[in-house]
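Accompanying notes for the structure given below.
Taken together, the values in this text are just the output of simple stated rules run on the coordinates, not laboratory data. Keep in mind the model is a prediction, meaning the values are calculated, not measured. We place every Cβ from the backbone using ideal geometry, glycine too, and count neighbours over all the protein chains shown.
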Amino acid sequence: MEQSKRKQLLKLIESDCRLTVEEYAVMLGEEEVIVSAEIKRLEEEKIICGYRALIDWDKVEDDWIEALVEVQTIPKGEEGYREIAERVRKFPEVKSFFFVSGGFDFVLLLQGRNIKEISKFISTNLASIPDVSGTQTHFLLDKYKEWGIDMYQDDSDPRIQVSP
């Protein structure tokens, strides 16, 4: 599959991974067998890393909180960062984990039942790592947009209602 069609396919999958191979093929103007083979190749090469639904857990769970945690470390070069990443990314509470530039080294997205649970995770699991020199925690209070999806999307019809 040519590069431009491959990018189109990836964007289609990213925006709605529930479509069938047949639907992607029609949208791309390609044969179904070609699209199916391309998706398989993209999965094998870990270009497509997984499929997920975006759930608004605030509408489902009462005991639920998320926090962004900035983590500073003692500089030890690239290998030191990898060692910390290997330890931290394995915790199930860590939902997203990024190596970043700026005043801190990593940003984590944590999920827990309450503030106390998040705080305990940070003090027990993050602060105990010898090369972690500090953390700063930001609790998420509300979500307006996530992964490009408006969490407050208004489904009402903007047209003026006309009565007979």
How large, in Å, is the chain by the Kirkwood hydrodynamic radius built from its alpha-carbon pairs?
-> 19.5 Å
Give the longest segment of the chain that steers clear of chymotrypsin sites (Phe, Trp or Tyr not before Pro) in DSSP loops with at most 15 neighbouring Cβ atoms within 10 Å, not counting the sites themselves.
-> 65-143
Measure nothing fancy, just the Cα-based angle from helix 32-44's long axis to the longest principal axis of the chain, in degrees from 0 to 90, nearest 10.
-> 0 degrees
Out-of-range pairs (alpha-carbon distance over 23 Å; input Lys40/Lys90; Lys59/Lys116; Lys7/Lys95; Lys11/Lys90; Lys95/Lys143) | Lys40/Lys90; Lys7/Lys95; Lys11/Lys90
Considering only the other residues whose Cβ falls under 9 Å of the Cβ of Glu66, what net charge follows from Lys and Arg at +1 and Asp and Glu at -1?
-> +2
Rounded to one decimal in nm, the spacing of the 7 Å Cα→Cβ label points at Lys76 and Ala37 is 4.8 nm
